[in-house]
Amino acid sequence: MVEPAHGKRFPKASRILATGFYVLFILVTSAGCGGGGSTMTASPTPTPAATETLRAKAQARDLIIGTAADSRFLSETLYAATLSREYSELEAENEMKFEPIHPAPTTYNYTGPDNLVAFAQANSMKVRGHNLVSHGQVPDWVSSPLTPWTPSSLSAVLSSHIANVVGHYKGKVYAWDVVNEPFNSDGTIRSTIWSDSPGIGFAGQGTKTIEQALLWAHAADPAAKLFVNETGAETINQKSDAVYAMAQDFVDRGVPLTGIGLQLHVETSFDSASTLESLSQNIHRLGALGLEVHFTEVDVRLQDGSATSLAAQAKTYQDLMKVCLAQTACKTFQTWGFTDMHSWIPESYPGFGWALPFDETYAKKPAYASLLKTLQ
Ligand code: XIL
């Protein structure tokens, strides 16, 4: 699995500018080229009959279909219209993470995420929360403190962060990614400000840091579904074995864990019979513990937008959806954004893009059609 380029936290102005030029380029060059398999026009996609949407089809299959979203884009008419028409759930792509939501010791910034929640409520959508504990997007006041943390002082920071954020969204966020990406590829615990020494006091004690975070989140909203969200733990491998062992232990001891998030940032090479079978087996073993599985961050990155690549991508989306539909534990199919206009891929995986079901003009790509068809 290729790891994303690091050190980039938010879409940069340069990228937005570059995207603008790219869209202009597409609009100018697409006339008559016919490639790409999607309608490249500046005019809005006509509103389909309400039943011909991902949202309506997924509802009929008892599946939540979601996407990452950002409140900054809600003012774009096509962004808001597509989001509410096609999805039954949204998740803040960045705005509920520690750094943006808790930028200074006594400052919480709820404006952006509250706008997302209000949008979801106005459109009868569910909200997934992401995330409470992570190695990344931690503010300087936490990662470079003026006086060194002790286990009890850092523990107080994290417990009050979780109580404050989960409490703020109590009854509004139905599921939280409580801990994000806690494992290394070999199944050991990832080094983070929280899990290391001093950390919150459980360095060297395996999954104890995760367990403590789940307990704090559960105390703040006993009705919220609580998840550990991982990348690279989709198929059976050392990391997913460690996730499974943790899950089994937590279930055995009654630690409040509802399920596991599988991110699924993939390339079309993921779409092979053996890989999909391994994914199915992994979901199945987690389901056998009584846990839910959410596909939390699906995107299928490409190196070009040719018709051939878009067709392979459509097949990949279709096969991922088939796996989810075939496993009763798989309750949510969520993509990491929905339009190529706003995707983390070009910045984080240089040379890649075209990863989502709608193109930069919000036209439906072959991937959209294949998802819709699979949901029939
Ligand atoms: C990414 C966002 O999409 C970017 O905008 C940001 O710059 C970095 O974080 N796994 C996760 C998400 O769990 O939080 C990451 O989101 C993508 C990988």
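The values are calculated or read from the model by the stated rules, or taken from the named source; none is laboratory data. Everything numeric in this text was worked out from a predicted model, so none of it was measured. Here the Cβ positions follow ideal geometry from the backbone for every residue, glycine too, while neighbour counts run over all protein chains shown.
Which one of THR316, THR332 is closer than 18 Å to ARG85 by Cα, at pLDDT 95 or above and of a type in the set (Val, Ile, Thr)?
Answer to the selection: THR332.
Selection of the range 156-191 for residues being under 20 Å from GLY204 (Cβ atoms) and out of contact with any helix residue (DSSP H, G or I) (no Cβ under 8 Å at 6 or more places or on another chain) yields GLU181, ARG190, SER191. Each residue in the range 124-141 was checked for being of a type outside the set (S, T, N, Q) and within 10 Å of GLU99 (Cβ to Cβ), and 5 pass. The numbered conditions (1) surrounded by 18 or more Cβ atoms within 10 Å (Cβ to Cβ); (2) at pLDDT 95 or above; (3) not in a loop (DSSP other than H, G, I, E, B) are all true for ARG72 except (1).
Of all residues in the range 145-181, those that are small (Gly, Ala, Ser) and either within 16 Å of the ligand (Cβ to nearest atom) or over 30 Å from GLN334 (Cα atoms) (or both) total 5. Residues in the range 359-373 include none that are within 15 Å of the ligand (Cβ to nearest atom), part of a loop (DSSP other than H, G, I, E, B) and in contact with a helix residue (DSSP H, G or I) (Cβ under 8 Å, 6 or more places away or on another chain). Can you pull out every residue in the range 182-207 that is within 16 Å of the ligand (Cβ to nearest atom) and farther than 17 Å from PRO148 by Cβ? Listed by number, the residues that qualify are PRO182, PHE183, ASN184, SER185, ARG190.
GLU93 - would you say it is under 24 Å from PHE333 (Cα atoms), among the acidic types (Asp, Glu) and within 16 Å of the ligand (Cβ to nearest atom)? So GLU93 passes the test.
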